[in-house]
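Q: Starting off with a structure, shown below.
The values are calculated or read from the model by the stated rules, or taken from the named source; none is laboratory data. Bear in mind that the values here come from a model prediction, so they are computed numbers and not experimental data. Cβ sites come from the backbone with ideal geometry, for glycine too, and all protein chains shown count toward neighbours. These accessible areas exclude ligands, DNA and RNA; they are computed on the full protein's heavy atoms, side chains included. Shrake-Rupley method; radii C 1.70, N 1.55, O 1.52, S 1.80 Å.
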Amino acid sequence: ANYKTIESEAFKGCTSLNSITFPTSVKAIGTEAFYGCSNLTSANFGDSLNNIGQRAFRDCSNLANISMPNTVESIGSWALMNCLSLTSISIPENVKCIKNATFSGCSSLETVDFHDNLKTIEYFAFSKCYSLKTIVIPASVTDIGYGVFGYSKELESIIVDSENTVYDSR
């Protein structure tokens, strides 16, 4: 198949789906495309994906393995909210903004790898990420929203790159 977009709500609530591999032709994943696919454990993307829509993987509680290519430029609000099994994530280098509540409720998330092109982390982006212990903010980040790490009660340190002109970690 030569699909360009996985349409909104295409697989919403599909509890029999346990893994998915996207062909290289897929450039966008629509709003709520996999919302509530509670048995989905892995999602593998082709190298031309640009956009992951709002709530695309929200409440995929068993999603443990998701790797996004650097072609991804936009990850929608609430896109991976409540992915309880996700332990690490690497934000693609073309993503300039982490939208509101994108990873909120990812209670097993321990590691987040940001790239130097990131500018903005919107409100509640990593709230209720109970397993986060350390976070490193790159020099490029100039805007951090309200409650970004709210309720992330295990967070021990936030390290801001010394070249950051807006924030520091005293």
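Q: Determine, yes or no, whether S16 is part of a loop (DSSP other than H, G, I, E, B), at pLDDT below 95 and in contact with a Ser or Thr (Cβ under 6 Å, 6 or more places away or on another chain). Before the answer, list the steps.
A: Working: part of a loop (DSSP other than H, G, I, E, B): yes; at pLDDT below 95: yes; in contact with a Ser or Thr (Cβ under 6 Å, 6 or more places away or on another chain): no.
No, not satisfied.
Q: Out of everything in the range 155-170 that is among the acidic types (D, E) and modelled with pLDDT of 95 or more, what residue ends up being least open to solvent (accessible area, probe 1.4 Å)? Steps first, answer last, please.
A: The initial filter retains those residues of the range 155-170 that are among the acidic types (D, E), namely 156, 161, 163, 168.
Those left that are additionally modelled with pLDDT of 95 or more: 161, 163.
Numbers: D161: 60, E163: 133 Å².
Out of the qualifying residues, it is D161.
Q: What are the residues in the range 32-51 that are touching a Leu at 6+ places or on another chain (Cβ under 8 Å), surrounded by fewer than 20 Cβ atoms within 10 Å (Cβ to Cβ) and either touching a residue at least 40 places away in the same chain (Cβ under 8 Å) or part of a loop (DSSP other than H, G, I, E, B) (or both), if any? Spell out how you get there, then give the answer.
A: Taking the range 32-51 and keeping what is touching a Leu at 6+ places or on another chain (Cβ under 8 Å), we get 34, 37, 39-43.
Next, from what is left, pick out any that are surrounded by fewer than 20 Cβ atoms within 10 Å (Cβ to Cβ): 39, 41-42.
Listed by number, the residues that qualify are N39, T41.
Q: Do you know which of the residues in the range 17-31 that are of a type in the set (G, A, S) and within 18 Å of the chain's Cα centre (by Cα) is most open to solvent (accessible area, probe 1.4 Å)? Even if it seems obvious, please write down each step before you answer.
A: Applying the first criterion (of a type in the set (G, A, S)) to the range 17-31 yields 19, 25, 28, 30.
Filter once more, so that each one left must be within 18 Å of the chain's Cα centre (by Cα): 19, 28, 30.
On the way: S19: 59, A28: 22, G30: 11 Å².
Per the criteria, the residue is S19.
Q: Same structure again: Output yes when any residue across the range 93-113 is more than 24 Å from E154 (Cβ to Cβ), modelled with pLDDT of 95 or more and touching a Gly at 6+ places or on another chain (Cβ under 8 Å), and no when none is.
A: For the range 93-113, residues more than 24 Å from E154 (Cβ to Cβ), modelled with pLDDT of 95 or more and touching a Gly at 6+ places or on another chain (Cβ under 8 Å): absent.
Q: Look through the range 3-16, keep the residues that are open to solvent by 80 Å² or more (accessible area, probe 1.4 Å) and of a type in the set (S, T, Y), and return whichever of them is farthest from A64 (Cα to Cα). Write out each step before concluding.
A: Let us first name the residues in the range 3-16 that are open to solvent by 80 Å² or more (accessible area, probe 1.4 Å), namely 3-4, 7, 9, 12, 16.
Remaining after also requiring of a type in the set (S, T, Y): 3, 16.
Working: Y3: 25, S16: 16 Å.
Across the range 3-16, the extreme among qualifying residues is Y3.
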